[in-house]
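Engineer: Take a look at this one; I'll ask things after.
The values are calculated or read from the model by the stated rules, or taken from the named source; none is laboratory data. Everything numeric in this text was worked out from a predicted model, so none of it was measured. Heads up, the Cβs are rebuilt from the backbone with ideal geometry, glycines too, and the neighbour counts pull from every protein chain shown.
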Amino acid sequence: MDDAEIYLAKDNTTQGRAQVWKLDEERMIATLMYNPRLGGMSVCCGSMQILKSGSYNSVVGWMDFASPHGRTVETDPDGKIVYAIEVEGVIVYRSYRVSDMYSAPVK
C-alpha cells in the first residue's frame with residue numbers, strides 16, 4: 001500500500017495502489033505482481049489483507065488534510081474494485097474483513 005503525499009503535490013489525480021511484490025532474495029529481483037488503483041490517495045494510514053477468495057481488502061486511510069475521511073476497498077484477483085466504502089470525518093487506520101463477529105480475521 002503506497003501512501004506518499006509527494007505524488008499529490010505533482011498530480012492531484014494520483015491514486016493509491018495495493019501492491020504485491022514477488023521477491024527473489026537470492027538473485028535480488030523484485031517483480032510487481034499486483035497493482036490496482038484504489039480510487040483515492042492516502043497521505044498516511046493504509047493496510048492490506050488477502051482474503052480467502054484471492055481478493056484483497058485495502059485501506060486508503062486519510063484521504064484529505066482539510067476534511068479527513070478514509071476508504072476501505074476490496075479488489076478482486078484481476079484488480080477490479082468490487083466493493084468500497086468511505087467513512088467521513090475520521091481517519092481509518094486499519095480495516096479487516098471477518099467472517100463473523102467472534103472469529104479472528106481471515107487468514
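Engineer: Among residues belonging to segment 59-104 that are among the β-branched types (Val, Ile, Thr) and touching a Pro at 6+ places or on another chain (Cβ under 6 Å), point out the one that is nearest to LEU38 (Cα to Cα).
Structural biologist: Here is the first cut: in segment 59-104, the residues among the β-branched types (Val, Ile, Thr) are 59-60, 72-73, 75, 81-82, 85, 87, 90-92, 98.
Subset that is touching a Pro at 6+ places or on another chain (Cβ under 6 Å): 75, 91, 98.
Values: THR75: 8, ILE91: 16, VAL98: 20 Å.
Out of the qualifying residues, it is THR75.
Engineer: Among the residues of segment 23-36, what is the count of those that are hydrophobic (A, V, I, L, M, F, W, C) and assigned to a loop (DSSP other than H, G, I, E, B)?
Structural biologist: So the answer is 1.
Engineer: What are the residues in segment 1-34 that are modelled with pLDDT of 80 or more, of a type in the set (A, V, I, L, M, F, W, C) and closer than 23 Å to SER95 by Cα, if any?
Structural biologist: Pass one, segment 1-34, residues modelled with pLDDT of 80 or more: 16-34.
Of the ones still in play, those that are also of a type in the set (A, V, I, L, M, F, W, C) are 18, 20-21, 23, 28-30, 32-33.
Correct list: ALA18, VAL20, TRP21, MET33.
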